[in-house]
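Chemist: I have a structure here, written as structure tokens, and I will follow up with some questions on it.
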Amino acid sequence: MRTELFDYSLPESSIANFPCEERDGARLCRLEQSGPVEGWVRELPELLQPEDLLVVNDTQVRRARAYFRRPRTVAGGGGAVELLFLRPLAENTWEALGRAGSRIKTGDHFESAEAGLQLVVLETRQNGTLVLEANGDVERALEAIGEMPLPPYMKRSAVEADASRYQTVFARHLGSAAAPTAGLHLSEGLLTRIRERGVTLGRVVLHVGLGTFRPVSAADLDQHDMHEEWYSVDAELVEQIAKTRARGGRVVAIGTTVVRALESAALASKARGGALEAGEGSTRLLIQPGYRFQLVDALWTNFHQPRSTLLALVSAFVGRDRLLSAYAWALEHNYRFLSYGDAMWIPERLER
């Protein structure tokens, strides 16, 4: 589909640069068959049924943004370099994004005296990423000097509060360069009320990469170079899904990252000729209108950027015209958009 079909005007004033004071204090747009309905995030337990399975992504965001300097012993030394560590490729070898006052080239060296870490650029890739080799433990260094990797559209530096608020309360598997933002709304109190209602809580892992939030530059989605993300679906979740189906409940995805993980696992199992199996792997799944969902019945999500693969995914779930109409309604009613913004509840697939 043409990328321009997923475009809309997003005023800068509608982008949430800070979270609500309380995790579950944001507003909610309930997208029903009849259209959008105003609500609140804290209403989620009452929107679920005891037969439902609520699936969260329990990936943990690393403090991926850190600042280094070029050694003063080389020409142009001492200059600051901002690095965003995306994922480890091998022991002490990482993929990252870099920004500096002068062009970063293969063979460049960076150092952090505070962390006692030195880096060398092994490769500069066509997609803009770098391959870096470190002389020590990058994860440990990032714990000491790293900042939370807030999206660039917030146009601010991370503050200490972001260390907790740009992280879900159920995060446990370190590996993401961005938060699974729909899950940021779920507080411990909200999860307790959900469990008390009898709803089953399931967990999946998908390590979120920055490509998730990048607008599509290709004229057609089919020409988009879809980013790759690692996911894992365990045997317990497979059993939970089977029991949910047997009792007539819904598989409810908390966020588009859960959708990608579940649907990728389902398609991989289907390709092997069988029902859903536990497993892990890397996915480049691009979901757009026309996609036939395998597992997900209901979706809890945020409001997404124009011309993004996330907007295309939700459009596949509810229909493009219906979704863009709901976005226009939300803008008119002063909803807050993107990572720290308000939420949307879609209780059923509206696009068949």
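Chemist: On a straight-distance basis, which aspartates and glutamates could pair with Lys105 in a cross-link, Cα separation under 18 angstrom, same-chain partners fewer than 8 positions away excluded?
Modeler: The qualifying aspartates and glutamates are Glu82, Glu95, Glu123, Glu133.
Chemist: Give me Rg over Rh for the chain, both radii from the alpha carbons and Rh done the Kirkwood way, two decimal places.
Modeler: Details: Rg = 20.7 Å, Rh = 21.2 Å.
On the Cα set of the chain, Rg over Rh gives 0.98.
Chemist: How are the alpha carbon pair distances in the stretch 65-145 distributed across 10 Å bins from zero to the largest one, expressed in percent?
Modeler: 19, 60, 21, 0
Chemist: Would you grab the residues whose amide H sits under 5 Å from the one on Gln60? Only those 5+ places off in sequence or on another chain, please, with H modelled 1.01 Å from N.
Modeler: Residues meeting the criterion, in which the H sits 1.01 Å from N, are Arg172, His173, Leu174, Gly175, Ser176.
Chemist: Among the DSSP beta bridges whose two residues both lie in the chain, what percent are antiparallel, rounded to the nearest 5?
Modeler: Working: 46 of 64 bridges.
Around 70 percent of the beta bridges assigned by DSSP in the chain are antiparallel ones.
Chemist: So, with +1 on the Cβ of K and R and -1 on the Cβ of D and E, and no other charges, what is the size of the charge dipole of the stretch 65-145 about its Cα centre, to the nearest 20 debye? Mind dumping the intermediate values first?
Modeler: Numbers: 10 positive and 11 negative charges, 86 e Å.
Using Cβ point charges on Lys, Arg, Asp and Glu, the stretch 65-145 gives about 420 debye.
Chemist: Each residue of the stretch 100-106 in order: what ³J(HN,Hα) in whole Hz does its phi give by Karplus 6.51 cos²θ - 1.76 cosθ + 1.60, θ = phi - 60°, with x for Gly and Pro?
Modeler: Listing the rounded values in order: 8, x, 10, 4, 8, 10, 4 Hz.
Chemist: Once you place label points 7 Å from the Cα toward the Cβ at Asp321 and Phe18, how far apart are they in nm?
Modeler: For the pair Asp321/Phe18, the computed spacing is 4.2 nm.
Chemist: If the cut-off is a Cα-Cα distance under 28 Å, which lysines reach Lys243, setting aside same-chain residues fewer than 8 apart in sequence?
Modeler: Answer for Lys243, where 28 Å is the Cα cut-off: Lys270, listed by chain and number.
Chemist: Another question, if that's okay. Taking H as built 1.01 Å from N, whose amide H comes closer than 5 Å to the amide H of Tyr340, not counting residues under 5 places away?
Modeler: Amide H neighbours of Tyr340, under 5 Å, 5+ apart: Ala16.
Chemist: Same structure again: For a quick check of your reading of the filter: which GluC sites (Glu not before Pro) in the stretch 71-130 sit in a DSSP loop and have no more than 11 other Cβ atoms within 10 Å?
Modeler: Details: sites: Glu82, Glu91, Glu95, Glu111, Glu114, Glu123; in loops: Glu91, Glu114.
Here the sparse-neighbourhood loop sites are Glu91.
Chemist: Also: Return one number: the angle in degrees, 0 to 90 and rounded to the nearest 10, between the long axis of the Cα atoms of helix 235-246 and the longest principal axis of the Cα atoms of the chain.
Modeler: Helix 235-246 sits roughly 20 degrees off the main axis of the chain.
Chemist: Helix 256-271 versus the longest principal axis of the chain: what angle, 0 to 90°, nearest 10, using Cα atoms?
Modeler: With both axes taken from Cα atoms, the answer is about 80 degrees.
Taken together, the values in this text are just the output of simple stated rules run on the coordinates, not laboratory data. These numbers come from a predicted model, not from an experiment. Positions of Cβ are generated from backbone atoms using ideal geometry, with glycine treated the same way; all protein chains shown enter the neighbour counts.
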